Amino acid sequence: MALRFLLLVCSMVAIASAGFHQNFDITWGEGHAKFLDNGQLLTLSLDKASGAGFQSKDEYLFGKIDMQIKLVPGNSAGTVTAYYLSSEGPAHDEIDFEFLGNLSGDPYTLHTNVFAQGKGNREMQFKLWFDPTKQFHTYSILWNPGHIIFMVDGTPIRDFKNLESRGVAFPKNQPMRIYSSLWNADDWATRGGLVKTDWTKAPFVASYRNFNADACVPASGRSRCDSANSGWWNQELDSASHARMRWVQKNYMIYNYCNDVKRFPQGLPPECSIA
């Protein structure tokens with residue numbers, strides 16, 4: 001695939017050990033977001049007064065982004081913990097993880113989506129095969145010129161391919177920041193809004209640690225954002241990774257927009273018919 005846009009001038013950045021306060025700004029919910037352990041831990045809390053959110057100081061254009069998250073424990077029905085990449089504006093690009101809260105004892109719903117040039121409607125949802133509230137788990141986005149791969153603890157769950165040659169828009173030109181937020185969405189989050197937030201369980205708390213970005217940051221320097229030193233740049237799923245993804249999708253995927261013929265009466269999106 002000839003991808004001339006790869007000549008974009010960028011600088012490479014790898015962030016592993018720097019604290020959250022050095023890489024992120026609290027964007028809303030002051031007092032409901034805290035840097036702890038000398039900035040190595042970040043927590044967001046939600047109560048009836050407010051939730052909270054943060055965003056990265058840097059913008060990224062391609063990279064592998066890892067975040068360890070421990071989700072709200074217990075009865076988290078009505079809450080949403082969002083973790084995503086997004087550009088700005090009406091024709092924005094976006095790569096979403098959203099964790100929809102549950103009643104105690106029920107599994108979380110992991111919601112994924114991809115927006116390109118302002119168009120989304122590419123949802124896939126999964127039930128996690130572990131309790132994401134007991135300990136931290138790693139949620140990763142690998143975004144390169146050919147693929148957007150969603151991973152959970154290194155296991156791929158979804159691969160959105162660059163199919164521009166078939167008329168499918170793909171995020172490639174707009175730098176994106178990392179965002180996360182914890183907020184109340186009890187009008188839709190749990191069983192379509194049938195289960196409301198139980199505020200007697202507040203505050204609801206989600207925790208973050210071990211952020212890592214091996215990524216391209218647009219800059220005015222002379223270094224190119226290319227594959228020279230980045231294993232993720234040309235990475236795609238090998239046969240073993242494909243098998244792991246198929247296992248997840250067979251056993252834990254609960255919604256796939258490519259199977260929702262009622263939603264698309266004029267025909268499924270073109271990427272749905274391409275292997």
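Points worth noting:
- Expressed as a whole percent, the accessible surface of the chain that belongs to carbon and sulfur atoms is 48, based on a 1.4 Å probe.
- Positive-end extreme of charge dipole, the chain - chosen from 192, 255, 74 (charges on Cβ): 255
- Cα gyration tensor shape of region 97-206, rounded if a/c is under 1.5, else prolate or oblate by comparing a/b with b/c: prolate
- Per residue accessible area in Å² of the chain, where ligands, DNA and RNA are left out and the probe is 1.4 Å: 46
- Maximal additional length on extending the residue 263-residue 202 stretch stands at 18.4 nm, based on 0.36 nm per residue less the C-alpha distance.
- Each of the peptides 39-48, 79-88 was scored by the mean count of other Cβ atoms within 10 Å over its residues; in descending order, highest first, they stand as 79-88, 39-48.
- Spin-label proximity, residue 91 to region 100-115 - amide N less than 16 Å from point 7 Å beyond Cα toward beta carbon: 115
- Ordered by solvent-accessible area of protein heavy atoms (1.4 Å probe), largest first, the residues 216, 258 come out as 258, 216.
- Dipole magnitude of the chain, debye to nearest 20 (Cβ charges: Lys/Arg +1, Asp/Glu -1, about Cα centre): 400
- Length-normalised contact order for region 54-178 - Cα pairs under 8 Å, 6+ apart - percent: 30
- Cα centre as origin, Lys/Arg/Asp/Glu Cβ charges: region 125-240 dipole, Debye: 200
- Relative contact order (percent, whole number), region 137-275, Cα cutoff 8 Å, 6+ residue spacing: 24
- Amide hydrogen neighbours beyond the local backbone of residue 28, cut-off 5 Å, H modeled: 53
- The chain - mean residue ellipticity at 222 nm from DSSP helices (-39,500 (n - 2.57) per run, n ≥ 4, rounded to 500): -2000 deg cm²/dmol
- Listed residues 169, 215, 243, most fluctuating in the chain (Gaussian network, C-alpha, under 10 Å): 243
The values are calculated or read from the model by the stated rules, or taken from the named source; none is laboratory data. For clarity, every value in this text was computed on a predicted model and none was experimentally measured. Every residue, glycine among them, receives a Cβ derived from its backbone with ideal geometry; neighbour counts consider all protein chains shown. Side chains included, ligands, DNA and RNA excluded: accessible areas come from the protein's heavy atoms. Shrake-Rupley method; radii C 1.70, N 1.55, O 1.52, S 1.80 Å.
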